[in-house]
Amino acid sequence: MTRVSVFNSPLLLGFDHFERVLDRISKTSPEGYPPYNIEQIGEDRLRITLAVAGFGEDDLAVSVEDNQLVIRGRQGEEDSNRVFLHRGIAARQFQRSFVLAEGIDVVGANLDNGLLHVDLRRPLPESQVRNIPIGRTGGKGKTGGRAIDLTPGRTKGDES
């Protein structure tokens, strides 16, 4: 069965990177441990919070690999003298990965009462207007190879 690309339209140029990211996301296992929240805490700030009860600072590692935020947890050796009648608190190792969009910066991480908070900052989009010069390739034209300013609010005869 052939997979049809979402970005296969000739009107969507340069989106092959997004397609690769979507493929990578779809191939990751949807394991539910540890549970996490993602929240917006400001206009340009995000926070990922993972429930990591039983893990200490030395048991956790937060890193950025390529465009992925990777959070790993591995608890140290346990006291072999402990005898559990019931063991409901997970003590297994884990790895959680989050694909970061271009420009997302990891600001920091802290552990508080069994919750690991990873703070991110995303750049605010800046509006950019760029004028493209129109050249003449023969025949008579009115522009003579000069750039035409298409800035809103300017009339045809305005000069800079």
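Coordinate-derived values only; no laboratory data. For clarity, every value in this text was computed on a predicted model and none was experimentally measured. Glycine gets a Cβ as well: all are built from the backbone with ideal geometry, and neighbour counts include every protein chain shown.
Amide H neighbours of residue 52 under 5 Å, at least 5 residues apart or on other chains, H built in the peptide plane: list them.
Counting only residues 5 or more places away or on other chains, the set is 115, 116.
At a 10 angstrom cut-off on C-beta neighbours, averaged per residue, how do the peptides 45-53, 81-89 rank from highest to lowest?
Answer by packing, highest mean first, reads 45-53, 81-89.
If the viscosity is 1.306 mPa s and the temperature 10 °C, what translational diffusion coefficient in µm²/s does Stokes-Einstein give for the stretch 33-121 when Rh comes from Kirkwood over Cα pairs? Each step should come with its number before you reach the end.
Details: Rh = 14.3 Å.
Taking Rh from Cα pairs, D becomes 111 µm²/s.
Roughly how many debye, to the nearest 20, is the charge dipole of the stretch 33-121 about its Cα centre, given +1 on each Lys and Arg Cβ, -1 on each Asp and Glu Cβ, and no other charges?
Once rounded to the nearest 20, the dipole reads 420 debye.
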